[in-house]
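Computed from the coordinates by the stated procedures, all read-outs in this text should not be read as laboratory data. Only a predicted model underlies this, so the values are computations on that prediction, with no experimental measurement involved. Note that each Cβ is placed from the backbone with ideal geometry, even for glycine, and that neighbours are counted across all protein chains shown.
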Amino acid sequence: MCLFKQMLWLHCSSILELSSGFLMRSVRPKHLLQVSLLALTVFLSVSSGALWALTSPDTKSTQNEDWPFADGNPESWHYTAQTQINHQTVSQLGLAWSADIPSPSGLVGTPLVLGGIVYQSGPGGAVYANDARTGKLLWQFHAKTPYNLPLSFVAYWAMHHNRGLAGDADRIYVAAGDCRLFAIDRITGKQVWMAEACDPTQPYGIAGPPQVGGGMVFIGNANADLNTSRGTVNAFDAKTGKFLWRFYARPGDPTKPENDTVKMEAKTWGKDYWPSSTGGAQAWNGFTYDPKLGLLYFGTNGPLPYNPLKRGKNPGDELFSSAIVALDARTGKYVWHYTTVPHDAWELSAVATIQIAELPINGTMTRVVMQAPKNGFFYVLDAKTGKFISAGQIAAQNWTKGIDPKTGRPTPNPDAEWWNRPGQDTLQVPGTNGAHTWEPLGYDPRTQLVYIPARNMATLYTKDGSLDWYYPFRKDAKVKAEGFLLAWDPLTQKEKWRVSRTSSHNGGVLATAGDLVFEGTTEGAFEALDSATGRKLWSFQGDGAIMGAPSTAMIDGVEYIFVASGDNGASAQTHSAGAFNTTPNSEGSPRLLAFRLGGTAKIIPKAGYGPVVLPKPWRPRQPADLVALGKQVFQANTCDLCHGVYAMQAGRDIPDLRASSRDTYGAMRLIFNGAFRQAGMPAFKNITDKDIIALQAYLTDQAWNGYEAQQAQQKK
C-alpha cells in the first residue's frame, strides 16, 4: 500500500505539472477540450502496467525507478517521465562507465534495469548482468547449444542473433536460437526452468525477445524467410514454464486443421496452396500485452514463398500473414486482425512492436494500437476491435497507390507486381529491409507524438529473377539509401519534423519528459535531440554501431541512460547485409554504455576489433561463367543469411569468406560434410564437388572485389 501511495503521488504530481505547463502549451487548439481527459488517461495508462515504475523489490522511495520492460512499460512507449536529464542539463551528460560484454557478436537488445542491476542479452541465448552503478559484471548465463542434435539450418542461423529479453521481479527470460526459452533467477543467474517453444530439428529458430504479462511469457519464432515452417505464438507459465497454449498464425495441411481458426485461415490461401506454400506468418519480433483488455498484440511477416505464382491459386488475404493480430492472452483464442499488406509479395512484414495509447478519436478518448511496419505506412487501429482508424505514409513506397481512408484496404499498383513482369527489372520501394522493422519507437504521451527510426530503401528485382540487395548504393539508383528520425503525429498522420541520417539503418528511440529524444546511429554516435524540433543538443561518439534502443533508470537519485553497442550482427534483420548495419569506423567490441550527468569515463578501444583488412587473394580471378554458377550455389544454399550478401561479412562471430585461405578451400568438402558443426556451421551434404569448385570461384571473385575496393579507399 505504501508503494501504491508513492506511485499515486508521483503520477498525480506529474499530471498537475502537465496540465498547467507543457501540455497546455503543446496541444493543438482543436484538442484543448480534451486536455484534462488526456491527463487522466496518461495517469491511468501509466499506472495500469502492474505498476511499471518502481517495480523493484528493493525499492524504498522515488529515488529508484526501474526499466522492467524492454519497451519501458506494458504499452511499449519507450518513454520515461524522469526529468533529471533534460533540455537544460543534457549538455552535462557524460559516460559514467562502459563494460566490455564477452559476446561473440554485437548487441542490439534494450537493456533491462531491475533493482540496481542492468541486464543485457546476446546471441545464443546469453544474458549479462552488470552493476548499474559501476558496470561490474555480476554474472553471465549462456544456453549450451546441443549441436549434437540434428538441428535445422534455421536453428544454427538463429543462434547468431538475439534482439532482447524480458523480466519480472524474480526472473529474467531469454530465448536461444535453437527454440529453447529460459527463465533465470535475476539475482543469481541460475536457470529456473527451460521450455521448448518450437522444434529445432524442424526449420525453426528464435531471434526475437519474449514478453511477459498476466503471469505468462509469450514467444514467437522465425524461419529465416524460408518457405519451410508455419508461424506460431506460444505461451508459458512465468513461474513454472508450463506450456499453456499455441496459436497457429497460418494454416498447414488443409485436411488436418487444428481448430476452427485454422480452417478460417485456410480458406484465404487459395486453391492448392499446400504443400507449395508451407511457410510464413512468423511473429519473429515483439509482443505487447494489454493489461487493461487482456489482449496480446503481435505482427507477422509475409506469406512464403515470396513469389505469389508459387503459392495458392486465387487467394484472399492469406491470413494471418503481414498482419497485426490480437489474441485473448489467457487462452490464445483469436480476437481480431488487420492485414497491412494483403497477398504480400514484397516481404513488407508487420513485425514491428505495437504501441498502445489513448487518443481522442472523433471526440472520444479511444484505446488504440499503433504500428510502423515495413511497408512505409503508420497505422492506428482500435485496440479492442481492430477497426481501422487511419494510416499515413512515413516513407517512400510504390507497392500501393494508397490506403482507402474508410476501409483501410490498399489499392494495388500493377507496376510493382514484379512476378507479372518477366524479363524486366522491377523496383520495389520500400526494399526488403523495409521503411522500419524491429527498432523500437518512442511515444510521448504528453504531446502524443511518435518518434520513428525510418528509412527510404529500395530493392531491385532483376530480369533474371534475383534480388539486388545493394541497389541503393549504385550510382544510378533511383532511390538512394537514406535514414531519418521522424517525429510523427498519429492524430493527423502528418510529419512534425525529421532529421536525416548518413546511414539507412539506425537505432531505436527513447523519448523523455525532459523534452529529449535519444537515438544511436550506425556510425556509433549517441545523440540527444530536442523532442519539439529535432535539433541536436548533445552527442557522444563511440566505437561501435548502435542499433538497439536506450533505456533509463533512477538509481540512488541519479538518472542513468543505458545503451548497447557493437557491430550489430546480432540484429538478424540486417545480419545478411553488412553494409547496412556498420561502418568501417563502428565495428568496435560489444559494449554496454552507461551515461549520467557529470560522467567523465572514456572508452578504451579493444584490440582485435575494427574493419576486417582483406589480404590480397592467393589465386587469380576465375572464369565468369564459373563465377556466375558459384553465385547461384551461394544463394541457393542461403549462405548469405550468415556470411552476408555477396559474401560481405555481416558479423564478427562468423568468418569473412573473402579472406579464405588455400587451406580453407582444401577443407571445404569436410566442412560441408559437417566437420565444424560443433562450432556452429551446419552440414550441407547436398553440395556436390562441382558446386564447391564453382563456389570457390565466386568467393575468389568477391575477394578480389573487396581487396581492390579497400586498396582504392586507402589511396584516397
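For the reader, a short list of remarks on this structure follows.
- In straight-distance terms, cross-link reach from K606 covers every one of the lysines whose alpha-carbon lies under 24 Å from its own, apart from those fewer than eight places away in the same chain; here that gives K136.
- Shown here for region 218-305: trypsin sites (Lys or Arg not before Pro) in loop regions (DSSP other than H, G, I, E, B) with at most 13 other Cβ atoms within 10 Å, namely K242, K267.
- Whichever aspartates and glutamates have a C-alpha closer than 16 Å to that of K256, once near sequence neighbours (fewer than 8 apart) are set aside: E265, D272
- Relative to the current alpha-carbon distance between K271 and T407, full extension at 0.36 nm per residue lengthens the span by 46.4 nm.
- Kirkwood Rh in Å, taken over region 90-597 so that all alpha-carbon pairs contribute: 22.8 Å
- Helix 689-715 and the long axis of the chain differ in direction by around 60°, with both axes built from C-alpha atoms.
- nm² value of the averaged projected area, convex hull over the Cα atoms of region 227-375: 9.6 nm²
- The HN-Hα couplings worked out from phi for region 328-336 by the Karplus form 6.51 cos²θ - 1.76 cosθ + 1.60 (θ = phi - 60°) are 5, 5, 6, 10, x, 6, 5, 10, 7 Hz, whole numbers, x standing for Gly and Pro.
- Across region 379-391, rounded Karplus estimates of 3J(HN,Hα) from the backbone phi angles (6.51 cos²θ - 1.76 cosθ + 1.60, θ = phi - 60°) give 10, 10, 10, 5, 5, 7, 10, x, 4, 5, 10, 6, 8 Hz, Gly and Pro being marked x.
- Normalised by the number of residues in region 375-428, the mean separation of alpha-carbon contacts (under 8 Å, six or more apart) gives a relative contact order of 25 percent.
- From largest to smallest, the equivalent ellipsoid semi-axes obtained for region 504-560 from the alpha-carbon gyration tensor read 19, 15, 10 Å.
- Relative contact order [Cα under 8 Å, 6+ residues apart], region 290-378, whole percent: 28 percent
- Debye intensity ratio in log₁₀ form over the Cα atoms of region 428-561, taken at each q of 0.12, 0.16, 0.20 Å⁻¹: -0.51, -0.83, -1.15
- Listed cross-link partners K144/K602; K387/K494; K292/K406 are compared with a 29 Å cut-off, the Cα-Cα value being larger for K144/K602.
- Summarising the overall dimensions of region 624-715 from its C-alpha atoms, the Rg and Dmax are 13.2, 43 angstrom.
- The orientation-averaged shadow of the Cα convex hull for region 337-464, equal to a quarter of the hull surface, comes to 7.9 nm².
- Acute angle (nearest 10 degrees) that the helix 35-48 long axis makes with the longest principal axis of the chain, alpha-carbon atoms: 60 degrees
- Extended-chain gain in nm, criterion 0.36 nm per residue less alpha-carbon gap, A636 and T89: 191.5 nm
- Built amide H within the under 5 Å cut-off of T366, gap 5+: L359, I361
- Contact order normalised by residue count of the chain, Cα under 8 Å, 6+ apart, percent: 13 percent
- Tail weight of P(r) past 16 Å, computed on alpha-carbon pairs of region 370-442, percent: 55 percent
- Compactness of region 236-283 was expressed as the Cα radius of gyration divided by 2.2 N^0.38 Å, which yields 1.40.
- Radius of gyration, Dmax [region 188-231; alpha carbons; angstrom]: 12.7, 41
- The chain: calculated mean residue ellipticity at 222 nm from DSSP helix runs of at least 4, using -39500 (n - 2.57): -4500 deg cm²/dmol
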